[in-house]
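S.K.: The structure's right below; bear with me while I get my questions together.
The values are calculated or read from the model by the stated rules, or taken from the named source; none is laboratory data. Given the structure is predicted, the values throughout are model-derived calculations rather than measurements. Methodologically, a virtual Cβ is constructed for each residue, glycine included, from the backbone with ideal geometry; neighbour enumeration extends over all protein chains shown.
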Amino acid sequence: MVTLYSSTANVLAAEGILNEMLEAGFKPNIFVLTSLIRCYGKAGRTDDVVRSFRMLEDLGINPDDRFCGCLLSVAANTQAEELGKVINCIERSNAQLGTVVNLLVDKSASSESFREAASDLLNSARGVVKMPYCNCLIDLCVNLNQMEKACALLDTAQQLGIYTNIQTRTQTQWSLHLRGLSVGAALTTLHVWMNDLYTALQSGGEGLPPLLGIHTGQGKNTYSDRGLAAMFEAHLKELDAPFHEAPDKAGWFLTTSVAVKHWLEEKSSELVAV
């Protein structure tokens, strides 16, 4: 029940169930506390996130990978002025993850040092949490306008096989596959792809194929309460990108090489080498 209420950020109902448990003599376990922290994080109640974390410590419960992933997800959606409170919880839960997050938020830390620390973390993490960790870390990079570090982490994740088949190329169509990525990871992937397309145009080689497509998938996104397609469509409009949702292919945004060529030439000054 706590998990159910937490999924909709119904703080009062989740707290009510927790209080019933405590009054009946039951102590919350790590699953309950993970859900509760997720609930407070969605509601933007950072101090309650910290209070719940202290409850975990007081009960002598050791944080597991999923709990740390939950804290990381909360951090990715926390306002900058309160972020330090959540990072402190992450550091006390997993020192290695805390080091990576601190290198991420520290604007004086190089992208290379961040990449190395993130690579070590992902190599030692269990398979089931590798992608959630990457998604949340890239979201945090994007939120803090650390695009260079976001690109470095995306590249590392691809090298480690965490993100696979993000780009496909045939003679007639080049495509970007974003399903399963968080919003930040999807936006970072688009940023890198734009650079790749611009490089292909500048190289004087075969150039671009007739059709280019972006596949976002359908339905709600695991890392957001909204569908990735809806959020991505809004971002494409912000960029004035010539991609349009395909009426006969749900979750696909398509354009032609002619349209994208003019767009990239206009956006060339905004592209950052990665």
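S.K.: When you look at Leu56, is it buried (at least 17 other Cβ atoms within 10 Å of the Cβ) and within 12 Å of Val74 (Cα to Cα), yes or no?
M.R.: No: the conditions fail for Leu56.
S.K.: Go through the range 1-100 and tell me which helices (runs of 4 or more DSSP H), entirely inside it, have 2 or more residues that are under 19 Å from the mean Cα position of the chain (by Cα) and charged (D, E, K, R).
M.R.: 30-42, 65-76
S.K.: Just give me the residues in the range 152-193 being assigned to a loop (DSSP other than H, G, I, E, B), free of Cβ contacts under 8 Å to residues at least 40 places away in the same chain and of a type in the set (Val, Ile, Thr), in sequence order.
M.R.: Here is the first cut: in the range 152-193, the residues assigned to a loop (DSSP other than H, G, I, E, B) are 160-166, 170-172, 178-182.
Going one step further and asking which of them are free of Cβ contacts under 8 Å to residues at least 40 places away in the same chain, we end up with 161, 163-166, 170-172.
Result: Thr164, Ile166, Thr170, Thr172.
S.K.: Please pick out the residue among Ser124, Ser119 that is farther than 26 Å from Ile214 by Cβ, assigned by TED's automatic domain parsing to the domain that holds Glu91 and out of contact with any helix residue (DSSP H, G or I) (no Cβ under 6 Å at 6 or more places or on another chain).
M.R.: When all the criteria are applied, what remains is Ser124.
S.K.: Looking at Gly161, is it more than 12 Å from the chain's Cα centre (by Cα), over 21 Å from Asn195 (Cβ atoms) and surrounded by fewer than 22 Cβ atoms within 10 Å (Cβ to Cβ)?
M.R.: yes
S.K.: How about the range 175-212: which of its residues are small (Gly, Ala, Ser) and touching an Asp or Glu at 6+ places or on another chain (Cβ under 9 Å)? Explain how you work it out, then say what you get.
M.R.: Let us first name the residues in the range 175-212 that are small (Gly, Ala, Ser), namely 175, 180, 182, 184-186, 200, 203-205, 207.
The answer is Ser182, Gly184, Ala185, Ala200.
S.K.: Of all residues in the range 104-151 being without any contact (Cβ under 8 Å) to a residue 24 or more places away in the chain and part of a helix (DSSP H, G or I), which is farthest from Val192 (Cα to Cα)?
M.R.: Ranking the candidates gives Gly127 first.
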